[in-house]
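Novice: Structure provided below as structure tokens; questions to follow.
The values are calculated or read from the model by the stated rules, or taken from the named source; none is laboratory data. Computed from a predicted structure; not experimentally measured. Neighbour counts run over all protein chains shown; Cβ positions are idealised from the backbone, glycine included.
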Amino acid sequence: MDDGTEVKYLAALHEQMKPGGRLVMMVMSDRNPEEGWSGPRRTSEAEIRHNLCEEVGWRVKSVDMDAKDVVPKQMQAIAKHFGEGFGWALVAVATRL
């Protein structure tokens with residue numbers, strides 16, 4: 001999903017979610033090497049925090065920089081498919097204001 005689509009997606013989630021609702025979002029990290037990457041768009045922690053800021057109605061609770069421990073089977077499958085050094089993800093938790 002490109003930048004514009006991601007912003008629209010998060011706005012639609014915000015509109016449908018009640019205040020206090022929790023969003024858990026996993027995206028592929030920009031820690032994955034650019035060379036050889038053909039997976040989903042890579043995202044930085046800064047980009048997540050920008051797109052889920054209080055100005056647009058979210059409060060970020062956490063961003064886990066090493067989701068290999070959170071969802072090991074999925075990350076191992078990605079690393080196996082793309083090669084060593086791949087499979088890094090970010091897991092963000094945010095609350096709708």
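Novice: Please find, within the stretch 37-50, the residue that is farthest from K80 (Cα to Cα) out of those that are in contact with a Ser or Thr (Cβ under 9 Å, 6 or more places away or on another chain) and buried (at least 18 other Cβ atoms within 10 Å of the Cβ).
Specialist: If we take residues in the stretch 37-50 being in contact with a Ser or Thr (Cβ under 9 Å, 6 or more places away or on another chain) and buried (at least 18 other Cβ atoms within 10 Å of the Cβ), then T43 is farthest from K80 (Cα to Cα).
Novice: I've got another one for you. Out of (1) within 14 Å of A92 (Cβ to Cβ); (2) loosely packed, with under 14 Cβ neighbours inside 10 Å, the odd one out for A11 is which?
Specialist: (1)
Novice: Could you run through the stretch 51-85 and say how many residues are buried (at least 19 other Cβ atoms within 10 Å of the Cβ) and modelled with pLDDT under 75?
Specialist: Here the count works out to 3.
Novice: Between a first residue in the stretch 24-44 that is aliphatic (A, V, I, L, M) and a second residue that is surrounded by fewer than 18 Cβ atoms within 10 Å (Cβ to Cβ) and in a loop (DSSP other than H, G, I, E, B), which pairs have beta carbons less than 6 Å apart while being 6 or more apart in sequence or on different chains?
Specialist: Matching pairs, first to second residue: M28/G39; M28/P40.
Novice: Scan the stretch 27-36 for residues that are surrounded by 16 or more Cβ atoms within 10 Å (Cβ to Cβ) and more than 17 Å from V7 (Cβ to Cβ) and report the count.
Specialist: Residues in the stretch 27-36 being surrounded by 16 or more Cβ atoms within 10 Å (Cβ to Cβ) and more than 17 Å from V7 (Cβ to Cβ): 5 in total.
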